[in-house]
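*Asks:* Take a look at this one; I'll ask things after.
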Amino acid sequence: GAMILGGVRPCSFIDYPGRLAAVAFAQGCNLRCRYCHNPALVAPRAAAPADAPTDEETLRLLARRRGALGGLVVSGGEPTLQDGLASFLEQAKGLGFAVKLDTNGTRPDVVERLLARGLVDHLAVDVKATPEDAAWLCGSADQPRNARRCLELARAAGIAGEARTTVVAPLHDAARLEALAEFAAPAERWFLQRFRPGGHLDQDAELRPPDDATLERVVAFAGRRGLEARIR
C-alpha cells in the first residue's frame, strides 16, 4: 500500500541532527496524547488531505533535491501503523538518503523488521511517562516499556537512538522523570522538551511547562547514571 501523508516539510535544519532533511508526516496515530500539538494528524484517513503530497510526489521531490538534502525524516502521526512504510523507506534509501524515523514506540515489532532490513539510520523514540502515568497521559500503559524495547533494538543494530520526552507540569515532577530515566536508558541521548501550551489536543487538562530547576535536576540525575540528557 501507499503511505498516507498528512503533510511534508521540504527542508528542515532541526529534525535530523547534522543533516538538511525533508520531513514527511504520516497520517494517523494510535495514541491520544493530551499535549499533542499535531491533533490534525491523529485521526486515520483513507486518503491524504488535498494539500498534502502523495508518497510518490514526495519521493520525486527527494530525487530532484538529491544534491541539496541529505536526509529524510518520517514522523507523524505514527509511521509504523502504515503498510507502505517499508517500501517508502526503501525507495528513499535507494535515492541515497539517510533515514530518520520518529516513532511513539508502540510497535517494536515493526521497528525490528525495519532495522533488520537496514532501512533506518537514526531512530527517535518518544518516552511518554512511567507506566502508571502513561495510560492517563497518552492512553497506553505499555508505551514506556515498548519505547525502551525500540531503543534497545536501535542499540543492538548499531544505529543512533534518541529518546525524547515532552515534559508537562504537574505530571512530570522530578521524581517521576527520574523513574522515567530507566525507560530512556538504552538511548544515546535523552531530550527533554518543554510542553508549550496552546493548540494541543486536551485543552481542559491542567498542563503547563515545567520549571527549569526540575529539568536541570533530571539532567544531572541522568548524567550520574551515564545517560546524556539535554533540554530542548
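The values are calculated or read from the model by the stated rules, or taken from the named source; none is laboratory data. All of these numbers come straight from a predicted model, not from anything done at the bench. Cβ placement follows ideal geometry from the backbone for every residue including glycine, while neighbour counts extend to all protein chains displayed. Remember, those area values only see protein heavy atoms, side chains included, never the ligands or the DNA or RNA. Shrake-Rupley method; radii C 1.70, N 1.55, O 1.52, S 1.80 Å.
*Asks:* Stick to Cα atoms and the Kirkwood definition of Rh, then tell me Rg/Rh for the stretch 94-232.
*Replies:* On the way: Rg = 15.1 Å, Rh = 15.4 Å.
Ratio value, two decimals: 0.98.
*Asks:* Do the sum for the chain: with -39,500 (n - 2.57) for every DSSP H run of n ≥ 4, divided by all residues, what is the mean residue ellipticity at 222 nm, to the nearest 500 deg cm²/dmol? Before the final figure, lay out each step's value.
*Replies:* Numbers: 7 runs with 76 residues, N = 232.
So the helix-based figure for the chain works out to -10000 deg cm²/dmol.
*Asks:* Then there's this: After finding the eigenvalues of the alpha carbon gyration tensor for the stretch 49-167, what semi-axes result from the square roots of 5 times each, listed largest first in whole Å?
*Replies:* Working: eigenvalues 144, 53, 28 Å².
After diagonalising the Cα gyration tensor, the semi-axes are 27, 16, 12 Å.
*Asks:* Right, next: For the chain, max minus min Cα coordinate along each principal axis, in Å, sorted largest first?
*Replies:* 48, 38, 30
*Asks:* Between Arg155 and Arg60, what length comes free when the chain is fully extended (0.36 nm per residue of separation minus the Cα-Cα distance, one decimal in nm)?
*Replies:* Working: separation 95, 0.36 × 95 = 34.20 nm, distance 3.18 nm.
That works out to 31.0 nm of additional length.
*Asks:* What whole-number distance in Å separates the alpha-carbon centres of the stretch 186-226 and the stretch 102-116?
*Replies:* Each part's Cα centre sits 24 Å from the other's.
*Asks:* Can you list the residues, at least 5 places off or on another chain, whose amide H is less than 5 Å from the amide H of Ala26, using H built in the peptide plane?
*Replies:* The list, which skips near neighbours in sequence, is Gly6, Ser75, Gly76.
*Asks:* State to the nearest 20 debye the size of the charge dipole of the chain about its Cα centre, where the only charges are +1 on K and R beta carbons and -1 on D and E beta carbons.
*Replies:* Details: 30 positive and 29 negative charges, 122 e Å.
Computed about the Cα centre, the dipole is about 580 debye.
*Asks:* Still on this structure: Residues with amide H under 5 Å of Arg194's amide H, sequence separation 5 or more or different chain, H placed in the peptide plane at 1.01 Å from N; which?
*Replies:* Val167, Arg232
*Asks:* Between Glu112 and Phe221, how many nm apart are label points set 7 Å from Cα along the C-beta direction?
*Replies:* Placing both labels 7 Å along Cα→Cβ, they lie 3.1 nm apart.
*Asks:* Which is farthest toward the positive dipole end of the stretch 147-232 among Cys150, Gly199, Phe183, measuring Cα position about the Cα centre, with Cβ charges +1 (Lys, Arg) and -1 (Asp, Glu)?
*Replies:* Checking the options against the dipole of the stretch 147-232, the answer is Cys150.
*Asks:* Rg to Rh ratio, the stretch 1-71, alpha-carbon atoms and Kirkwood radius? It would help to have the intermediate numbers written out before the result.
*Replies:* Values: Rg = 13.3 Å, Rh = 13.2 Å.
Rounded to two decimals, Rg over Rh is 1.00.
*Asks:* Ranked highest first by the average count of other Cβ atoms within 10 Å around their residues, in what order do 179-191, 50-62 fall? Could you put the intermediate results ahead of the total?
*Replies:* On the way: 179-191: 20.8, 50-62: 15.5.
In descending order of packing, they fall as 179-191, 50-62.
*Asks:* Still on this structure, please answer the following. At 1.002 mPa s and 20 °C, plugging the Kirkwood radius over alpha-carbon pairs of the stretch 15-112 into Stokes-Einstein gives what diffusion coefficient in µm²/s?
*Replies:* After rounding, the answer is 153 µm²/s.
*Asks:* Provide the gained length on full extension for the span Ala141 to Glu188, in nm with one decimal, where the gain is 0.36 nm per separating residue minus the Cα-Cα distance.
*Replies:* Values: separation 47, 0.36 × 47 = 16.92 nm, distance 2.38 nm.
Extra length available between Ala141 and Glu188 comes to 14.5 nm.
*Asks:* Continuing with this model, one more query. At a 1.4 Å probe radius, carbon and sulfur cover how many percent of the accessible area of the chain? Intermediate values should be presented prior to the final figure.
*Replies:* Numbers: 5040 of 10430 Å².
Answer for the chain is 48 percent, counting heavy atoms of protein chains only.
*Asks:* Placing +1 on the Cβ of each Lys and Arg and -1 on the Cβ of each Asp and Glu in the chain, which of Leu59, Gln27, Ile4 has its Cα farthest towards the positive end of the resulting dipole?
*Replies:* Leu59
*Asks:* To the nearest 20 debye, what is the magnitude of the charge dipole of the stretch 1-95 about its Cα centre, counting +1 on the Cβ of each Lys and Arg and -1 on the Cβ of each Asp and Glu?
*Replies:* Details: 10 positive and 8 negative charges, 56 e Å.
Its charge dipole is roughly 280 debye.
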